[in-house]
Structures are given as C-alpha cells and as structure tokens.
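Novice: What follows is a single structure, and I will ask about it in a moment.
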Amino acid sequence: MQRIVLLATQEEIELVQEINQSELFELAAIFQEPLQSLPAKFNNTPVFTYSSAPEEVIDVIVYSDSLKETANLLNETKYPMSGRLTTAQFRFLLTISDETKNKKDISHLQQLKTILDNTHDGMIVIDQDLTITIFNKSAEKMTGLSKEEVVGKSILEVMPNSQLPRVMDSGIEEVNQEQILANGTKIYTTRTPILNHEGRKLGAFAVFKDITEIVDLAEEVTNLKSIQTMLRSIIQSSEEAISVVDEEGKGIMINPAYTRLTGYTAEQVIGKPATTDISEGESIHMQVLKTRKPVRGARLRVGPNRKDVIVNVAPVIVDGLLKGSVGVIHDVSEIKGLTEELNRARQIIRTLEAKYSFEDIIGSSEEMSFAIDQAKLAASTPATVLLRGESGTGKELFAHAIHNASSRKFNKFIRVNCAALSESLLESELFGYEEGAFSGALRGGKRGLFEEANGGSIFLDEVGELSQNTQAKLLRVLQENEIRRVGGTKAIPINVRVIAATNVNLEKMIADGTFRQDLYYRLNRMPIYIPPLRARNNDILLLAHHLLQKLNQDYGRNIDYISKDAEDFLLAYHWPGNVRELENVLGRAIIHMSHTDSQINRSHISLLSLEPSKKKDIHLKEMADTTDNEKSLAEQMDAVEKRILTEAIERFRGNKTKTAKSLGISLRNFYYKLEKYDLDEKSRK
C-alpha cells in the first residue's frame with residue numbers, strides 16, 4: 001500500500017474517511033493548518049505541523065490547492081522521494097480505483113494521464129497484460145521516450161530492463177530502488193503492484209525521480225546543515241551576548257555570553273516570549289518583528305540585576321518571509337569601563353611617548369643646522385647626551401627628536417624635571433623604593449622612573465639642580481647600568497639611554513664644588529649646544545610664522561601675516577627668553593587682537609622687558625665693559641649674569657617667584673644665584 005500524508009483544509013478533511021476505506025492507500029499523518037484546531041489524533045491518524053513532521057517513508061503527498069507551497073516545502077525538505085497530488089487528482093484516482101475494483105480492469109487508468117502529466121515525478125503504469133497505460137511528461141523527459149512511442153506497447157518491448165513485471169508477479173512493493181535507464185540516466189524508483197480488494201493482480205505502477213536531482217538536494221541539505229552547525233558554533237563561541245527569536249517572538253537560541261550578561265539560562269529563555277529578560281524598557285525583538293526593520297543603539301535594562309545595556313536587533317528574512325530576529329547585546333558598564341581605561345591609557349601614552357621629531361625643529365641657520373646634525377649623530381649611538389643652552393631654546397624638543405630617531409623609539413620616553421621635585425621625592429621617583437622604606441610607602445614598594453624607562457630613554461631636564469647624593473646615585477646608573485631602590489639592597493639591572501639637559505654653567509659648578517666632576521664626564525660624552533635665538537637671527541621670522549600657525553589652532557584664530565614693521569621690531573629684539581619668549585609675545589598679541597584682524601602689526605606687540613634698542617645698547621655696553629677689562633671668560637659671564645639678575649629683581653620689585661619665572665629658571669636655582677652674587681638683600685627691599 002502507498003503511504004500518504006494529507007494536507008487538507010477544514011472543508012476537505014472528510015477525505016480522511018475515503019482514504020481509510022481505500023485498499024490501495026494508507027494514511028500516515030495529517031497536516032494541521034496554522035488556524036486549524038485538531039486533536040493530537042484525528043480518526044486515529046497522527047496530526048502534525050511542519051516542525052513535527054513524522055520521520056518515515058512517505059509515498060504520496062496529497063494537498064489542497066491553498067497548501068501547495070507547504071506541500072512543495074515538505075517534498076523538498078522532508079520527503080524528497082514522495083510524489084505529489086492535489087486533492088482533486090487524488091479523488092479522481094480513488095474513483096478510478098473503485099471502478100477498477102468493480103470491473104476488475106485497470107484500463108480506465110488511461111483517464112488519469114492529464115492529471116499525472118502535471119506531477120513532477122516520472123510515472124509509468126502497466127496493466128495485467130504488461131501494456132503501458134500511463135506514461136507522463138516527467139517520464140518522457142527522464143527516459144528520452146515519447147508517450148506516443150510507448151503507450152499501448154508492452155513494457156518489455158519499450159524498456160527491457162523494467163522491473164514492473166516482476167513487481168506485479170510478486171505482489172511485493174519495492175521502495176527507493178536505484179536503477180539505470182537505457183539512456184544512462186540514474187533514477188530512484190518506487191514500484192507498487194496494483195491489487196483489487198480480493199488480492200487479484202491488476203497491474204503495477206512506478207514513480208521515479210532523477211537521481212541527480214536527489215543528489216543535488218542531498219548536497220544542498222548537507223551544506224545547509226554544515227552552515228547551520230558553523231553558525232551555531234560561531235554564535236556559541238562569540239564574546240558578544242546574542243539572542244535569537246522566531247517569527248512569533250519566542251526565544252530559539254542564546255549563547256553563553258548572553259547568560260553571563262543577563263543571568264538567564266537557556267531553560268529560562270528558549271520557547272519563552274522575548275520580553276522575558278527585560279527588566280526595564282520594551283522588547284526590541286518585538287518591535288523589529290512588527291516593522292521588519294533593524295534597530296540599533298536601543299537602551300534597556302535586562303536580567304535580575306537590571307544590567308544597563310545597548311541592543312542592536314535585525315530581522316531575519318528568507319525569500320521575503322520573516323523568520324525571526326537576532327539581537328546583539330552590549331554591557332554599557334563594560335563600555336564605560338573600557339572608555340575610562342582607554343582615556344587613562346591615552347594619558348599615560350602622552351606622558352611616555354616622544355611627541356616631536358627633527359622635522360618639528362624649525363631653523364635653517366648655520367648654528368642650528370650644526371646642532372641638528374650633532375643630535376642626529378647622537379641618535380644613532382647609545383651614548384649619553386648632554387643638551388646645553390639657555391632656557392627656552394628647545395632642549396626638550398631635541399630630546400624628543402633624539403629618542404624618536406633612535407632604535408629605542410618604540411619603547412618608553414620618560415621626562416623628569418629635576419628642579420620640580422624635592423631631593424627626597426626626586427630620589428624615590430627616579431629609583432623607586434621598597435616596602436617600608438619610609439612613612440607612607442606603598443605596600444609592595446614602587447618601581448622608579450628608571451625601571452619604567454627600561455629599554456627606552458629618560459630625559460633629565462635641569463640636571464644641574466640634582467643634589468650631591470642624587471648625583472652619586474645617577475653616576476652609579478651611568479657606570480654600572482643598574483639601580484638600587486630606596487630602602488633596598490638588591491641591584492636591579494637596567495638598559496636606559498640618558499638624555500640630560502641644563503641651562504647652567506656646569507664647569508663653574510664643578511669649580512664651586514656643587515656638581516660632581518666624575519658625573520660631568522659621564523654626562524658630557526656627547527654634548528650638544530643649542531644656540532640662543534639672538535645667535536640665529538635669520539631663524540626669528542621663520543619661527544614666528546611657524547608659531548603663528550600653531551597659535552591660530554590653539555586660539556581658534558585666522559591670523560595670516562606679520563607686518564613689515566612688526567617683523568623689523570622682532571628682528572631688533574635680542575630675545576633673552578628665546579623661542580619661549582617669542583611664542584609668548586605672539587600669543588599675547590593674538591589674544592588682544594580683534595577677531596576681524598588678519599595681520600599682526602607693530603602696535604599689537606608688547607614686551608615685558610626693555611625696548612629692543614635700549615636692551616641691545618645695554619648688551620653691547622656690557623660686552624664693551626667686559627672686553628676693556630682684562631678678565632677671564634667666567635668672570636665676564638658672571639658680571640653679565642649679575643647685572644641681568646639685578647635688573648630683573650628691580651623690575652619685579654623683589655618678587656622672587658615672578659623674577660625667577662621671567663628669567664626661565666627654577667626658584668631653587670634663583671636662590672642659588674642670589675647667594676652667589678650677594679643679591680639676597682636687594683631682593684628683600
């Protein structure tokens with residue numbers, strides 16, 4: 001008997017009774033429409049939906065016209081070996097079967113040809129005399145024979161290899177048999193004997209499919225399963241929390257990351273409404289299923305812990321049909337934490353990285369070009385570098401450039417202002433300390449800046465301000481390439497390139513006994529003198545226009561030019577504060593200019609120090625005085641320095657902080673000079 005699944009509407013459900021009364025067909029299961037309400041069994045026949053289709057061999061799918069799409073889908077995915085007939089075709093077949101039973105003759109099967117020609121499967125029917133009575137269009141296509149050639153002829157004459165005569169003789173059905181036709185086509189065929197109610201053999205019929213189609217379908221199913229397995233594995237291994245719901249909004253899949261974020265397990269979510277996990281807000285899954293449009297960046301609170309999350313949900317549409325939606329959930333608290341961590345990292349990077357290169361050093365004068373060449377040479381060696389020059393000449397800029405041009409450029413660049421920290425604090429910052437080294441020491445101790453800079457470079461600005469004790473420790477670092485933490489006894493090896501800078505006369509400090517001579521020899525291995533701005537007059541306008549572009553960006557202005565009289569004024573001034581003072585003067589000019597101005601004029605420029613001509617005259621007078629007297633170079637330099645200090649003290653009326661700041665030196669260094677030149681009383685007046 002042929003096993004049938006029935007896809008019938010409510011109006012055609014009575015066909016069940018007709019099938020059960022037939023001797024040729026057996027009803028295996030009944031498909032239930034989405035809006036149809038049937039019990040689990042109907043007339044003792046199992047009732048199923050698409051997802052619960054029985055896993056067994058089905059010979060024929062009988063369907064109502066309105067359920068043709070579902071029948072095709074079942075044929076393709078569940079029962080690829082079965083044939084398909086509409087309820088009208090099947091009723092006609094039942095009618096013919098009844099007539100055959102009464103007349104004991106299957107000649108009337110010829111009347112089915114119009115119906116059977118519309119089936120996708122090949123079909124051949126023979127009567128008890130082995131004469132072919134039905135040969136449909138699909139059979140023509142697969143065999144290469146036309147019905148005009150075969151109908152009315154013996155099956156053995158047309159198809160000598162046919163097994164239909166054997167099946168009719170044996171009365172035993174053969175299911176899904178592989179066969180090769182005369183034209184070489186491989187098929188799967190099911191052969192069924194036709195018997196009347198008394199068991200008399202009336203003929204046989206075969207339903208067959210081209211095996212290539214079945215193989216392609218099997219490969220497609222295999223590929224689909226592989227893709228499904230792959231996608232499931234990807235979802236399960238993803239660190240992003242993912243939830244998937246069906247077209248009704250019921251959960252069908254979540255991953256472990258989802259459980260970690262929301263606290264809900266698969267048992268609590270799968271098969272449940274999409275609102276199950278939401279503690280505050282509306283379901284984005286349901287919104288997407290309703291609109292069929294994706295939603296991104298929606299804020300919700302999910303899970304028992306009311307986690308603040310951002311949700312991205314997209315619909316799943318296959319061949320124009322909505323199949324569900326998939327959502328990706330991001331923990332907002334984690335995003336905030338990562339953002340804060342990123343900001344902290346950026347702050348650290350800004351303090352550790354060298355920001356400038358030799359391209360950022362502006363100057364084409366012979367003096368500056370020589371200094372840059374020396375610095376490039378120093379960058380190619382591991383030697384300690386000593387940058388010398390007045391305050392504001394760009395010693396730190398050179399330090400950045402040397403590090404960036406060296407082989408250590410991908411490692412840390414640590415900057416230390418030796419004059420900005422007290423002696424005890426500077427020592428612990430440079431070399432670190434052990435736990436319990438002093439009151440307030442962190443548990444476990446702390447790494448020093450030399451350890452932090454290991455493999456990179458450390459820039460010691462104002463190295464002349466180091467105390468004798470710290471100088472001794474620095475000397476050991478340079479000699480032994482190791483440090484010892486404060487309160488520690490263990491030597492820690494390091495590999496650090498030291499770049500030192502100073503604006504004081506180290507040779508005089510050595511003579512005065514305030515700077516170690518042996519440290520001086522270690523630091524002065526590669527000295528680079530950076531000329532003051534007054535010594536490279538040709539670079540003043542070049543620097544001014546470069547600084548103007550930078551200041552425009554800083555202040556949001558659009559100043560394009562410096563007038564000729566303003567340029568002449570800048571060239572006439574001797575710039576005791578060097579490039580730093582030039583930037584200060586230009587910045588002050590821009591701040592006080594109107595927003596409609598596009599050119600700096602002489603009237604915009606004001607100097608806190610003396611007028612250029614007067615200052616230049618004093619400078620020339622000092623040079624003449626020191627030249628006339630037969631004094632050593634050191635004595636002449638001291639005389640000039642003392643006079644500059646005296647004028648500055650008078651200009652700021654004894655205010656030590658402002659005086660030191662205007663001179664570009666540290667307060668500590670300023671006190672040292674007051675004592676050296678016996679000017680302390682003058683500063684108090």
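Just so it is clear, none of the values below were taken in a lab; they were calculated from the coordinates. These numbers were taken from a predicted model, which means no experiment stands behind them. Cβ sites come from the backbone with ideal geometry, for glycine too, and all protein chains shown count toward neighbours.
Novice: How do the peptides 199-205, 67-73 rank, highest first, by the average count of neighbouring beta carbon atoms within 10 Å per residue?
Specialist: Details: 199-205: 19.6, 67-73: 15.9.
Per-residue mean Cβ counts within 10 Å order the peptides as 199-205, 67-73.
Novice: Sorted by mean Cβ packing within 10 Å, highest first, what order do the peptides 176-186, 148-158 take? Please report the intermediate quantities before stating the final value.
Specialist: Details: 176-186: 13.2, 148-158: 15.5.
The most tightly packed comes first, giving 148-158, 176-186.
Novice: Rounded, prolate or oblate: which fits the range 247-350 when a ≥ b ≥ c are the square roots of the eigenvalues of the alpha-carbon gyration tensor, with rounded for a/c under 1.5 and prolate only if a/b beats b/c?
Specialist: On the way: a/c = 2.56, a/b = 1.75, b/c = 1.47.
Prolate.
Novice: Can you tell me the FRET efficiency between Thr339 and Glu56 if r is taken as the Cβ-Cβ distance and R0 is 60 Å, rounded to the nearest 0.05?
Specialist: Numbers: r = 58 Å, r/R0 = 0.96.
FRET efficiency, Thr339 to Glu56: 0.55.
Novice: Can you give me the Cα centroid spacing of the range 521-571 and the range 126-159 in angstrom?
Specialist: Taking the Cα centre of each part, the range 521-571 and the range 126-159 sit 103 Å apart.
Novice: Hey, which of these cross-link pairs are over 29 Å Cα-Cα: Lys412/Lys642; Lys376/Lys550; Lys78/Lys153? Let's see the in-between values first.
Specialist: Details: Lys412/Lys642 40 Å; Lys376/Lys550 25 Å; Lys78/Lys153 36 Å.
Beyond 29 Å: Lys412/Lys642; Lys78/Lys153.
Novice: A further question follows. What number comes out for the charge environment of Glu173, summing +1 per Lys or Arg and -1 per Asp or Glu over other residues with Cβ under 14 Å away?
Specialist: Net charge in that neighbourhood comes out at -1.
Novice: Taking a 31 Å limit on the Cα-Cα distance, which of the listed pairs Lys395/Lys673; Lys409/Lys658; Lys137/Lys201 fall beyond it?
Specialist: Over 31 Å Cα-Cα: Lys409/Lys658.
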